[in-house]
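The structure appears right after this line, and notes come after that.
Each reported figure results from applying straightforward, stated rules to the coordinates on display, with no laboratory input. Predicted model only: the values in this text are computed from it and were never measured. Every residue, glycine as well, gets a Cβ built from its backbone with ideal geometry; the counts of neighbours run over all protein chains shown.
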Ligand SMILES: [Zn+2]
């Protein structure tokens with residue numbers, strides 16, 4: 001559905017990094033599969049310091065990355081009814097059905113890379129029965145443990161997703177990515193540090209014009225243009241979200 005459409009928010013920001021193109025890049029195609037809209041969402045929740053009155057319709061999307069014999073999904077959306085009640089969601093198509101409508105049977109997905117454990121990114125990990133699922137090791141450890149202890153933070157985390165995640169691990173279908181700048185699949189590297197959640201990650205997809213898929217680590221180009229952090233694990237993490245200012 002709506003391939004090649006850039007995602008506005010809960011996910012995304014494709015940034016061309018052509019200066020870093022390798023000599024023989026893997027050939028991946030990248031499509032955004034839009035599966036819902038969250039209308040009139042307050043911008044202030046996405047761009048710290050934005051005016052209170054500004055709102056936008058959020059395009060909910062997952063990213064489909066194909067090449068090198070792989071069918072990779074970056075994030076999985078959501079499907080549980082409780083979230084439809086908590087948020088206004090329009091134009092909804094369950095993410096696996098949205099993928100099918102784009103010509104990709106969900107059972108052909110070989111790998112799912114989860115940017116972070118929030119409900120609208122990890123809520124569809126049970127929809128792709130053959131996929132190996134990748135998540136940061138520290139994200140897995142925190143949200144299956146300390147997040148639910150006194151002093152822990154689990155806002156936006158669905159306990160049912162965590163149960164699925166643990167089950168995937170015991171089934172041998174989970175892979176834990178250990179830290180920053182790790183190649184998890186050929187030409188696909190994971191990066192950490194933005195701290196949208198405890199250990200959120202984003203990916204760079206190699207190609208003639210490499211692309212960064214930022215997910216909620218950077219919602220909008222406006223985050224980059226205004227040098228304004230997106231939502232972070234704690235307010236103290238905003239500096240980490242922005243990173244050092246380049247010369
Ligand atoms: Zn998030």
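I need 87, 128, 233 ordered by Cβ neighbour count within 10 Å, fewest first.
With the fewest neighbours first, 87, 128, 233 line up as 87, 233, 128.
Please work out the Cα center distance from the stretch 72-116 to the stretch 162-189, rounded to the nearest Å.
The two parts, judged by their Cα centres, are 18 Å apart.
Could you give the length gained by full extension between residue 40 and residue 245, i.e. 0.36 nm per residue of separation minus their alpha carbon distance, to one decimal place?
Gain on extension, residue 40 to residue 245, equals 70.7 nm.
Of the listed peptides 209-216, 134-141, what is their order by residue-averaged count of other C-beta atoms within 10 Å, with the highest listed first?
On the way: 209-216: 22.5, 134-141: 20.8.
Descending packing order for the listed peptides: 209-216, 134-141.
Ranked by Cβ crowding within 10 angstrom, fewest neighbours first, how are 76, 90 ordered?
Going from least to most buried by this count: 90, 76.
Please compute the volume of the convex hull spanned by the alpha-carbon atoms of the stretch 14-239 and report it per residue in Å³.
Values: hull volume 28.3 nm³, N = 226.
It comes to 125 Å³ per residue, whole-number rounded.
What relative contact order, as a whole-number percentage, does the chain give when Cα pairs under 8 Å and 6 or more residues apart are counted? Please report the intermediate quantities before stating the final value.
On the way: 553 pairs, mean separation 57.3, N = 247.
Relative contact order comes out at 23 percent.
Using alpha carbons only, what's the Rg to Rh ratio of the stretch 59-136 with Rh from Kirkwood?
With Rg and the Kirkwood Rh in hand, the quotient comes to 0.96.
Which FRET efficiency value, to the nearest 0.05, do you get for residue 225 and residue 84 by plugging their Cβ-Cβ distance into 1/(1 + (r/R0)^6) with R0 = 30 Å?
FRET efficiency, residue 225 to residue 84: 0.40.
Sum -39500 (n - 2.57) across every DSSP H segment of at least 4 residues in the chain, then divide by the residue count to get the 222 nm mean residue ellipticity, nearest 500.
-4500 deg cm²/dmol
In nanometres, what is the gap between the two model label sites at residue 209 and residue 52, each 7 Å from Cα along Cα-to-Cβ?
According to this spin-label approximation, the distance is 4.1 nm.
If you take the beta carbon distance between residue 137 and residue 163 as r and set R0 to 22 Å, what does 1/(1 + (r/R0)^6) give as a FRET efficiency, to the nearest 0.05?
My answer for the efficiency is 0.70.
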